[in-house]
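Take a look at the structure set out below.
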Amino acid sequence: MGNTNTNWVGMSDTAIVSTIGEFIKQQRLKINKTQAQLSNEAGINRWTLGQIENGEAITMISLIQIMRALDVLYLFEGFSIKQEISPIELAKQDQQKRKRARNSGTDNTKQSDW
């Protein structure tokens with residue numbers, strides 16, 4: 001098992017691209033596919049796959065296609081946007097909640113004895 005404590009912040013852009021390329025290569029080998037097979041499944045040129053595996057930059061579209069073919073798109077879950085609400089907005093919403101039920105007032109059949 002590889003190092004799971006990668007210091008992404010301390011790495012250069014080139015080192016990050018190289019690490020991603022190595023990950024892709026390891027995933028490809030794990031499922032026992034050649035570069036030609038995987039690139040065909042991804043709908044890209046074999047040369048493009050070789051480029052990323054060798055630490056060269058490729059387009060985001062190509063990266064997504066490769067990751068889809070490797071069935072590792074779940075790795076993008078870290079990019080999802082979570083809706084966060086501020087404590088002040090939460091307090092305002094809490095104040096606007098109904099505290100009690102009221103008679104709708106549409107029932108005019110009953111008249112008061114007063």
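The values are calculated or read from the model by the stated rules, or taken from the named source; none is laboratory data. Nothing here was measured: the structure is a model prediction, and the numbers come from that model. All Cβ positions, even for glycine, are placed from backbone atoms using ideal geometry, and neighbour counts span all protein chains on display. To get the accessible areas, we keep the full protein, side chains included, count just its heavy atoms, and leave off ligands, DNA and RNA. Shrake-Rupley method; radii C 1.70, N 1.55, O 1.52, S 1.80 Å.
By accessible area, using a 1.4 Å probe on protein heavy atoms only, the chain has 51% of its surface on carbon and sulfur. Accessible area per residue for the range 4-114, computed on protein heavy atoms with a 1.4 Å probe, is 85 Å². Give, as a single signed number, the net charge of other residues whose beta carbon lies under 13 Å from the beta carbon of residue 30, with Lys and Arg counted +1 and Asp and Glu -1. It works out to a net charge of +1.
Springs join every pair of Cα atoms under 10 Å in this Gaussian network model of the chain, and among 104, 62, 12 the largest mean-square fluctuation is at 104. Among 97, 82, 33, which one moves the most in a GNM of the chain with springs linking Cα atoms closer than 10 Å? Evaluated over the chain, the most mobile residue of the options is 97. Under the convention that each Lys and Arg Cβ holds +1 and each Asp and Glu Cβ holds -1, the size of the dipole of the chain around its Cα centre is about 520 debye.
Which one, 95, 83, 65, has the greatest fluctuation when you compute a Gaussian network model over the chain with C-alpha springs under 10 angstrom? Largest GNM mean-square fluctuation: 95.
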